[in-house]
1. Looking at the range 310-322, which of the residues that are within 15 Å of the ligand (Cβ to nearest atom) and in contact (Cβ under 8 Å) with a residue 40 or more places away in the chain is farthest from residue 288 (Cα to Cα)?
2. Answer with yes or no whether residue 241 is crowded, with 16+ Cβ neighbours inside 10 Å and under 27 Å from residue 349 (Cα atoms).
3. Scanning for something touching a Gly at 6+ places or on another chain (Cβ under 9 Å), acidic (Asp, Glu), in a loop (DSSP other than H, G, I, E, B) and more than 19 Å from residue 240 (Cβ to Cβ), does the range 160-183 turn up at least one residue?
4. Among the residues of the range 272-292, is any closer than 16 Å to residue 179 by Cβ, in contact (Cβ under 8 Å) with a residue 60 or more places away in the chain and buried (at least 16 other Cβ atoms within 10 Å of the Cβ)?
5. Counting only residues that are buried (at least 21 other Cβ atoms within 10 Å of the Cβ), of a type in the set (A, V, I, L, M, F, W, C), closer than 18 Å to residue 322 by Cα and in contact with a helix residue (DSSP H, G or I) (Cβ under 8 Å, 6 or more places away or on another chain), how many does the range 47-90 have?
6. Any residue at all in the range 11-28 that is of a type outside the set (Asp, Glu), assigned to a strand (DSSP E or B), over 21 Å from residue 67 (Cβ atoms) and free of Cβ contacts under 8 Å to residues at least 40 places away in the same chain?
7. In the range 31-47, which residue that is part of a loop (DSSP other than H, G, I, E, B) and over 17 Å from the mean Cα position of the chain (by Cα) is farthest from the ligand (Cβ to nearest atom)?
8. Please work out which residue is farthest from the ligand (Cβ to nearest atom), limiting yourself to the range 341-360 and to residues that are among the small types (Gly, Ala, Ser) and more than 21 Å from the chain's Cα centre (by Cα).
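The values are calculated or read from the model by the stated rules, or taken from the named source; none is laboratory data. Given the structure is predicted, the values throughout are model-derived calculations rather than measurements. Heads up, the Cβs are rebuilt from the backbone with ideal geometry, glycines too, and the neighbour counts pull from every protein chain shown.
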Amino acid sequence: MQNAMFNTIQLGELTLANRIVMPPMTRSRASQPGNVANQMMADYYAQRASAGLIVAEGTQISAMGQGYAWTPGIYSQEQIAGWKLVTDAVHAKGGAIFAQLWHVGRVTHPDNIGGMQPISSSALKAENVKVFIDNGTDEPGFVDVVEPREMTTEDIKQVVAEYRQAALNAIEAGFDGIELHAANGYLINQFIDSEANNRTDEYGGSIENRLRFLGEVVEAMTDAIGANRVGVRLAPFTSLNGTVDKTPVETYTAAAALLNKLNVVYMHIAEVDWDDAPDTPAEFKRAVRNAYQGVIIYAGRYDTKKAAKALEDGLADMIGFGRPFIANPDLPNRIQNGYPLAAHDPATLFGGNEKGLLDYPEYQAS
Ligand SMILES: Cc1cc2nc3c(=O)[nH]c(=O)nc-3n(C[C@H](O)[C@H](O)[C@H](O)COP(=O)(O)O)c2cc1C
């Protein structure tokens, strides 16, 4: 049944060539100064344009939204122009590409945000979480995150406006749409998950309150660029970057219902991805399918067999292959033909140059 992966699928107004997603992966190679996407990144994404959909790496919506050195932004004209190189290169090869819009909230260090104190839903420090800063060498310098300050309602209004503007900027840069990064412990996740949010106003407490910021951001973006160009990524069961929810099935089923009401074009669920990770409960996947009518994407340790089965079971519409896409630019072709997959070099994931970015070859039959 691996051919299920090669059926086309409608995503808003786009007809995607297959069910394979290249999920967002930070590679930390934006040009400095200014965190600007560049030709090297354009070449990297163009090499992978045979994915049904590319979601480009996490891209900060503001200077305050940056968590790590050398990640690209989408809030200056120069950054928009940089991304135009990328979207043009992918479209020239017939691909489709969304931007992942990112605000890290508390998962950062003052050195990455101009000396400011990070902001979050609450003044709660993420424990045992490190980010990397530019320490003057080519290697990332890992440091502990610091305690954030609780966002005021004025801060919330401002960040919602920044998301809205970033969505408009993404369209100006030629992206086919945007994915809101509400996963993996970053700002929106810091509002959603019970253990990261101790607010006592309308943005904290009940599930409805903890989902309010997500809803406001999504509404601002769908209002700006249309719901059929807005997808959302969530991570219900991960404790990545120190966010945990006490009742994830309940919380994230409610999130699915909210996103259905807001009519977003897809829901992208990042599953836990460490080696001995538990499977996402099937009961939860069924609840999401019932609550949400759009396209559903899952990612996290999929191989061909598991992906085909997920599509066949009817609980997923598309599947993301993250790490496999790094070393296999022609991944869909390899999957379709059963060719072996190359392994990536972990040492060249973040920072650096073409090495480990552009030099993974397509499969050659010997
Ligand atoms: C190098 C690297 C960078 C990543 N950066 C992001 C990111 O910017 N945004 C995001 O939502 N997920 C990010 N992820 C998570 C992936 O999108 C994906 O969910 C994860 O790798 C699991 O899929 P896999 O097992 O197929 O690799 C990253 C993963 C890797 C390996």
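1. Narrowing the range 310-322 to residues within 15 Å of the ligand (Cβ to nearest atom): 310, 316, 318-322.
Next cut, in contact (Cβ under 8 Å) with a residue 40 or more places away in the chain only: 318-322.
Details: 318: 14, 319: 15, 320: 17, 321: 21, 322: 22 Å.
Here the answer is 322.
2. Numbers: crowded, with 16+ Cβ neighbours inside 10 Å: yes; under 27 Å from residue 349 (Cα atoms): yes.
Yes: the conditions hold for residue 241.
3. Yes: one or more hits.
4. The initial filter retains those residues of the range 272-292 that are closer than 16 Å to residue 179 by Cβ, namely 292.
Filter once more, so that each one left must be in contact (Cβ under 8 Å) with a residue 60 or more places away in the chain: none.
No, every residue in the range 272-292 fails to be closer than 16 Å to residue 179 by Cβ, in contact (Cβ under 8 Å) with a residue 60 or more places away in the chain and buried (at least 16 other Cβ atoms within 10 Å of the Cβ).
5. Counting residues in the range 47-90 that are buried (at least 21 other Cβ atoms within 10 Å of the Cβ), of a type in the set (A, V, I, L, M, F, W, C), closer than 18 Å to residue 322 by Cα and in contact with a helix residue (DSSP H, G or I) (Cβ under 8 Å, 6 or more places away or on another chain) gives 4.
6. The answer is yes; a qualifying residue exists.
7. So the first thing to find is which residues in the range 31-47 are part of a loop (DSSP other than H, G, I, E, B), and the list is 32-35, 37-38.
Now restrict to residues that are over 17 Å from the mean Cα position of the chain (by Cα): 32-35, 38.
Details: 32: 18, 33: 21, 34: 19, 35: 14, 38: 17 Å.
Applying the filter and picking the extreme gives 33.
8. First pass over the range 341-360, keeping only residues among the small types (Gly, Ala, Ser): 342-343, 347, 351-352, 356.
Pick out the ones that are also more than 21 Å from the chain's Cα centre (by Cα) and you get 342-343, 347, 352.
Details: 342: 14, 343: 12, 347: 12, 352: 12 Å.
Going through the qualifying residues, I end up with 342.
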